[in-house]
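First comes the structure, then the notes that go with it.
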Amino acid sequence: MLNIKSILVPTDLSVAARNAFTVARDVARRFDASLHVLHVKPTESQFAAFARWFATPMPETGDAGAKAELSEHYAGYDKLKIVEREGAGVADTILDYARDCDIDLIVMGTHGHRSLDHPALGGAAGDVVRGARSPVMTVRSRREEPKTFEGFDRILVAVDFGENSPALVRAAKHLASLYDASVSLLFVSEEHLVPVFSDTGMMSVTTLKVDDEIAENAGAALRQMDEETGSSDVEVDYLVESGNPAREIVSAAADRAADLIIVGRRGHSPHEGILLGTVTEHVVRTAKSPVLTIGTKE
């Protein structure tokens, strides 16, 4: 279950950040949580570097115009706090603030992996997901236009049966109960490409699949996890796919019109220390819907 009493929204004064704020404000209302908006002002050296790199001048984020924009676009909630901090590293400043204020959830906008419109926040998203102690929800905006948010209707949870999986399912059920949403539990039977050498030393590639018995029993295992994570009135269904986990997660979310994906920050693979190494990074960067990453407890 999610225990959210405070939510942080980092902003670079972009439309993507405002879209993230719209989502965060609604979540805050559901949890009756406080909402912090943090504007990280780049240092003078950072600003000079950005100005040299881009053809059009960037706004002076520390002037009165920026403060007026913060007041104009980030409002409409009675437990709102707007803060400006200057920091040499945007991600480090965000993470420091989250730790100092005991933030329970970070919600931040991303511009997609090809966007360079706002490098200060766009480049920081991965570092925040990697370093945050709290769950992080990323809200992707590829078009520079404000979006409305009408809540979550279907939540997709990627389950790998690692130690963190029950926490993901509980979080999904909790959110679903607040939004009257349904939940889909997805297990992907992972396929690996492995090199194979012939007697002559020539290399080829073959696909190594998960044992068929594991895939066949995955549906029953998902049902068992559903039962063991507590009964509720939330509608839950089970999906078992095979292939590349990252691509299958994003594809399943699109096929089922899921408007929130929940993934674990660390899996149970030998590379679990690489936080955004493969699956999580791909999902965060390419999914059209918001992605909530939840890590294992310290």
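The values are calculated or read from the model by the stated rules, or taken from the named source; none is laboratory data. For clarity, every value in this text was computed on a predicted model and none was experimentally measured. A quick note on method: Cβ atoms are made from the backbone with ideal geometry, for glycine too, and the neighbour counts reach across all protein chains shown. Quick note on the areas: whole protein, heavy atoms, side chains included, nothing else; ligands and nucleic acids left out. Shrake-Rupley method; radii C 1.70, N 1.55, O 1.52, S 1.80 Å.
Ignoring ligands, DNA and RNA, what percent of the 1.4 Å accessible area of the range 1-45 is carbon and sulfur? Heavy-atom surface of the range 1-45 belonging to carbon and sulfur, 1.4 Å probe: 43 percent. A crude spin-label estimate for the pair Arg30 and Phe161, with each label 7 Å from Cα along the Cβ direction, gives 2.9 nm.
Across the range 278-291, coupling constants 3J(HN,Hα) worked out from phi with the 6.51/-1.76/1.60 Karplus curve, θ = phi - 60°, read 9, 4, 4, 4, 4, 5, 4, 7, 10, 5, 7, 8, x, 10 Hz, and Gly and Pro carry x.
Spin-label model, Ala220 to Asp237: label points 7 Å out along the Cα-to-beta-carbon direction sit 2.2 nm apart. For the pair Cys101 and Ser251 in one chain, pulling the backbone fully straight at 0.36 nm per residue adds 50.3 nm over the alpha carbon distance.
Sum up the charges of everything whose Cβ sits under 12 Å from the Cβ of Val23, counting Lys and Arg as +1 and Asp and Glu as -1, but leave Val23 out. Display every interim value, and only then the final one.
On the way: positive: Arg18, Arg25, Arg29, Arg30, Arg140, Lys147; negative: Asp26, Glu150, Asp259.
Here the charged neighbours net out to +3.
Which net charge results for the neighbourhood of Ala258, defined as the other residues with beta-carbon distances under 11 angstrom from its beta-carbon, given Lys and Arg at +1 and Asp and Glu at -1?
Working: positive: Arg154, Arg256, Lys288; negative: Asp153, Asp255, Asp259.
Within the 11 Å Cβ shell, the charges total 0.
A cut-off of 5 Å between modelled amide H atoms, ignoring neighbours fewer than 5 places along the same chain, links Ser242 with Ser189. What the Cβ-Cβ distance of Ala75 and Leu178 gives, at R0 = 25 Å and to the nearest 0.05, is a FRET efficiency of 0.60.
Computed from backbone phi, the HN-Hα couplings of the range 233-248 come to 8, 6, 6, 10, 10, 10, 10, 10, 10, 10, x, 6, x, 4, 5, 5 Hz, rounded to whole numbers (Karplus: 6.51 cos²θ - 1.76 cosθ + 1.60, θ = phi - 60°; Gly and Pro given as x).
In this structure the amide hydrogen of Thr110, modeled in the peptide plane, comes within under 5 Å of the amide hydrogens of Val139, Arg140, Ser141, none closer than 5 places in sequence on its chain. Backbone amide hydrogens, once placed in the peptide plane, bring Val37 within less than 5 Å of Val9, Lys81, Ile82, Val83, excluding anything fewer than 5 places away on its chain.
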